[in-house]
Amino acid sequence: MAENFLIALHRASVAFEGREALSELTWRLSPGEHWAVLGENGAGKSVFSRLIRGEIWPVQDFSRTTPARLYAFSGAPSESPIGAREKIGLASPELRETYRRLELDITVAESVATGFTDSLRLNVPFTGAKRLAVRQALARVGLDRLFSRSVLSLSQGQLARILLARALVNDPVALILDEAADGLDAKNRAKFQAALAELAASAKQAGTGPAILFASHRPEELPGFVESALYLHGGRIAASGAASQVFAAFAAGLETASRAKRPSGRTLQDSEHPDAAAQPPRSAPGVEYLIKLDGVDVVVDETPVLRDIHWTVRPGENWAVTGDNGAGKSTLLRLLAGDLHTHAGGGGISRFPDLRPEGLWEIRALTGFVSWDIQADLRLAQTAEDIVASGFFGSLGLYREPTGVQRRAARQVLRRLAAAHLTGKTASALSHGQLRKILICRAMVHDPPLLLLDEPLGGLDTRSRLDALRLFDRLARTGTGLIIATHHDGDLPDCVNRILRLEGGRVAGVAER
């Protein structure tokens, strides 16, 4: 094995719950290399990142003469990841979910400083030198103004950038960016790309700097300086080498899989459900609106987030909610879902005037909700089918056994989004993108008249995004209302006909699409 490497894998495998997630991987990362890691949802990309960071061990075979994994950051190569993780920076949606799930009430500065030890809480003295390094890392991502803010008060996009600063603060030898730009608005995606390009350029000129690995389902988010690529399929390396060649192999693999999945050219939705035109309308005759906000204010942790919101959602309207990171999009959808209340003394909110729901559980019976926060709060021991079935009760855990009819409905909706193969798998065994598909199924399982979708296609591969968009259009044609918050125009189904733009927590404009 060549000596000029940082991390080397030799026939390395990883197993979870008695099943191999990665099989016989042989791969090497050398100083200064920049790689793209490609693969569909569930291909093993996130497990691969955890393996090379030393978070999990490869399957042990004591009869082998060559170690399955070696680190060579300094001195002689070692099998142990001790001391390696602190020098491998990481930014990923799973890390963001961990912050949300644990509700870590620490400052932005403390969060970034945990990158020195790869911990979740600051466990070393916060010296002047470390404070300076934290400020420099925050300046790199354009958020030095948030130095003293609580992490709990951040939007998803802001938290994504904070975790990038955390990954950079310790001058890492290697940097893993696993869907790290997911949730960023266009302006901040551009800043993210510029910061990485500057990092790669300075490293090339000085001969030092981290080797960088990118995993993304959006080709436009892969930087131009990537020279090599790794294509994972079914937990194995399908192609590895020059980026252009591997990208071509990946595209060919997607086309082959698509033909095998739909030989007739029809989708699962087409084959299982009659034409939408034959379905009855969902809205009751004469209903003036589904949701109406009249001068609404929302305050979160004593901070005003939404101010004087006037907005009406009428039957037949499907809305996109747009705006920069921190504009209030997620807060607005949480308000509509009943998870937040209007501020005392402000305006009011009215829902479904023909039904007049009272209380959280009645609101949840009429709405389906997909959000980052829900995904972070999932019980990892639950199966995909149980998670979907919990949508009947508006809960994140099953507190009573679903009926046979509800079980069948859960399995049916999983089939509609081509996720039937995930039915019996636990959340802990699913990738970030697979979990997002499960949450979409959970939101629609009880056939609500209104879907609230906060970045619903985050983490989904290209084929899964297209499946979801087609399904959203079909639901809209049967009368289901959709409100979708997104930073990507391509993540909007054709049925969206109205746009609400937020700026600084206020309505900046309403337009037709």
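The values are calculated or read from the model by the stated rules, or taken from the named source; none is laboratory data. Computed from a predicted structure; not experimentally measured. A quick note on method: Cβ atoms are made from the backbone with ideal geometry, for glycine too, and the neighbour counts reach across all protein chains shown.
Quick notes on this one:
- Among the residues making up region 171-206, those that are touching a Gly at 6+ places or on another chain (Cβ under 8 Å), in contact (Cβ under 8 Å) with a residue 60 or more places away in the chain and either surrounded by fewer than 13 Cβ atoms within 10 Å (Cβ to Cβ) or within 14 Å of ALA91 (Cα to Cα) (or both) are PRO172, ALA174, LEU175, ILE176, GLU179, ASP182, GLY183, LEU184.
- Residue match in region 383-390 (condition: closer than 22 Å to ASP447 by Cβ, touching a Cys at 6+ places or on another chain (Cβ under 7 Å) and in contact (Cβ under 8 Å) with a residue 40 or more places away in the chain): yes
- Given (1) in contact with a Phe, Trp or Tyr (Cβ under 8 Å, 6 or more places away or on another chain); (2) modelled with pLDDT under 95; (3) part of a strand (DSSP E or B), number of the condition SER330 does not satisfy: (3)
- Scanning region 125-152 for residues that are surrounded by fewer than 17 Cβ atoms within 10 Å (Cβ to Cβ) and under 23 Å from the mean Cα position of the chain (by Cα) turns up GLY142, SER150, LEU152.
- Search result, residues across region 35-86 that are among the acidic types (Asp, Glu), touching a residue at least 24 places away in the same chain (Cβ under 8 Å) and over 25 Å from ALA427 (Cα atoms): GLU86
- Residue in region 472-484 that is basic (Lys, Arg), over 22 Å from SER92 (Cβ atoms) and under 18 Å from the mean Cα position of the chain (by Cα) present: no
- All of VAL37, VAL14 fail the test of being aliphatic (A, V, I, L, M), in contact with a helix residue (DSSP H, G or I) (Cβ under 6 Å, 6 or more places away or on another chain), part of a strand (DSSP E or B) and over 24 Å from PRO219 (Cβ atoms), apart from VAL14.
Listed here are the residues, each with its yes/no results for (1) modelled with pLDDT under 95; (2) surrounded by fewer than 21 Cβ atoms within 10 Å (Cβ to Cβ).
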site: LYS425; (1), (2): yes, yes
site: ALA429; (1), (2): yes, yes
site: GLY433; (1), (2): yes, no
site: ILE440; (1), (2): no, no
site: LEU451; (1), (2): no, no
site: LEU460; (1), (2): yes, no
site: SER464; (1), (2): yes, no
site: LEU469; (1), (2): no, yes
site: GLY481; (1), (2): no, no
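- Scanning region 482-513 for residues that are within 14 Å of ASP454 (Cα to Cα) and among the small types (Gly, Ala, Ser) gives a single hit, ALA485.
- In region 56-112, the residues that are part of a helix (DSSP H, G or I), within 24 Å of GLU20 (Cα to Cα) and among the aliphatic types (A, V, I, L, M): LEU95
- Only one of the numbered conditions (1) closer than 28 Å to GLU103 by Cβ; (2) in contact with a Lys or Arg (Cβ under 7 Å, 6 or more places away or on another chain) is not met by THR423, and that is (1).
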